[in-house]
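Asker: Below is the structure I would like to discuss, written out as structure tokens.
The values are calculated or read from the model by the stated rules, or taken from the named source; none is laboratory data. None of these values were measured; they are calculated from a predicted model. Don't worry about glycine lacking a Cβ; one is built from the backbone with ideal geometry, like all the others, and counts go over all protein chains shown. Just so you know, the surface numbers come from the protein's heavy atoms only, side chains and all, with ligands and any DNA or RNA stripped out. Shrake-Rupley method; radii C 1.70, N 1.55, O 1.52, S 1.80 Å.
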Amino acid sequence: MGVRAVGREIFVSRGCTLARGVVLYSPCHIFGAASLGEGCVLLPGCVVNGAKIGKNCTLGPYCNVREGCAAGDGCRIGDFVELKRAVLGEGCKAAHLSYIGDAELGARVNVGCGVVFANYNGKTKAHTYVEDNAFIGSNSVVVAPAHIGAGAYVAAGTVLSGDVPQKSLALSRPPLKIKPEGACGRYLNDR
């Protein structure tokens with residue numbers, strides 16, 4: 001089976017390489033000598049610019065993979081995920097609403113919803129390394145430079161500004177405070 005295009009607004013520039021079994025859903029843009037491996041599926045709204053995508057990857061909808069990025073076989077780069085100068089190892093998953101910039105992820109890393117790799121401090125850009133089988137929970141911020149060890153777990157909502165040893169848990173949430181009757185008088189229906 002060759003490349004299958006579903007819809008009319010599919011743009012592929014010269015110099016791009018699409019392997020057998022690639023499925024492209026409209027609209028999508030592939031340019032800058034991008035390479036898509038066998039069995040890749042690009043859902044609507046994807047932009048891939050000069051990136052190398054391995055076999056059997058699923059992208060989108062609405063992801064942006066910028067120039068110089070690479071993803072190994074079996075990756076999931078989901079909806080509203082942006083990659084910038086990032087390398088994802090085999091089987092990585094970033095399902096939705098995340099920014100992965102200036103980072104190198106090992107195999108089978110899970111990046112939760114809303115995770116941001118904060119790579120710029122206003123003057124310089126720093127790099128983050130994440131080893132195999134690490135888990136980064138939803139709404140976490142990874143402040144570069146950082147190194148997350150193999151099998152480490154970053155709990156949801158964590159602001160990570162340092163290194164996490166392998167198989168360790170990183171957690172930086174403040175404790176939840178409940179104030180009884182603290183919401184009284186704040187809403188019109190609360191009279």
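Asker: With +1 on the Cβ of every Lys and Arg and -1 on the Cβ of every Asp and Glu, and nothing else charged, how large is the dipole of the chain about its Cα centre, in debye rounded to the nearest 20?
Answerer: Its charge dipole is roughly 300 debye.
Asker: Calculated FRET efficiency, Asp163 and Ala33, Cβ-Cβ r, R0 45 Å, to nearest 0.05?
Answerer: 0.80
Asker: Taking every DSSP beta bridge with both residues inside the chain, roughly what % is antiparallel (nearest 5)?
Answerer: The answer is about 0 percent antiparallel.
Asker: I want to check a number: in segment 74-191, how many lysine pairs have alpha carbons closer than 29 Å, given a sequence separation of 8 or more or different chains?
Answerer: Close lysine pairs found across segment 74-191: 7.
Asker: Another question, then. How large is the accessible surface per residue of the chain, computed with a 1.4 Å probe and reported in Å² as a whole number?
Answerer: 54
Asker: So, with a 1.4 angstrom probe, what is the percent of accessible area on segment 1-101 that is carbon and sulfur?
Answerer: In segment 1-101, the share of accessible area belonging to carbon and sulfur is 53 percent.
Asker: Considering only segment 100-191, what is the antiparallel percent among its DSSP beta bridges, to the nearest 5?
Answerer: 5
Asker: Ordering Asp163, Asp73 from largest to smallest accessible area (1.4 angstrom probe), what's the sequence?
Answerer: Sorted by accessible area, descending: Asp163, Asp73.
Asker: Compute the distribution of all C-alpha to C-alpha distances in segment 119-185, in bins of 5 Å from 0, and list the percent of pairs in each, rounded to whole numbers.
Answerer: Cα pair-distance distribution for segment 119-185, in percent: 4, 17, 22, 19, 11, 9, 6, 5, 5, 2, 0.
Asker: Can you work out ³J(HN,Hα) from phi for every residue in segment 141-148, in order, using Karplus 6.51 cos²θ - 1.76 cosθ + 1.60 and θ = phi - 60°, giving whole Hz and x for Gly and Pro?
Answerer: 10, 9, 8, 6, x, 8, 9, 10
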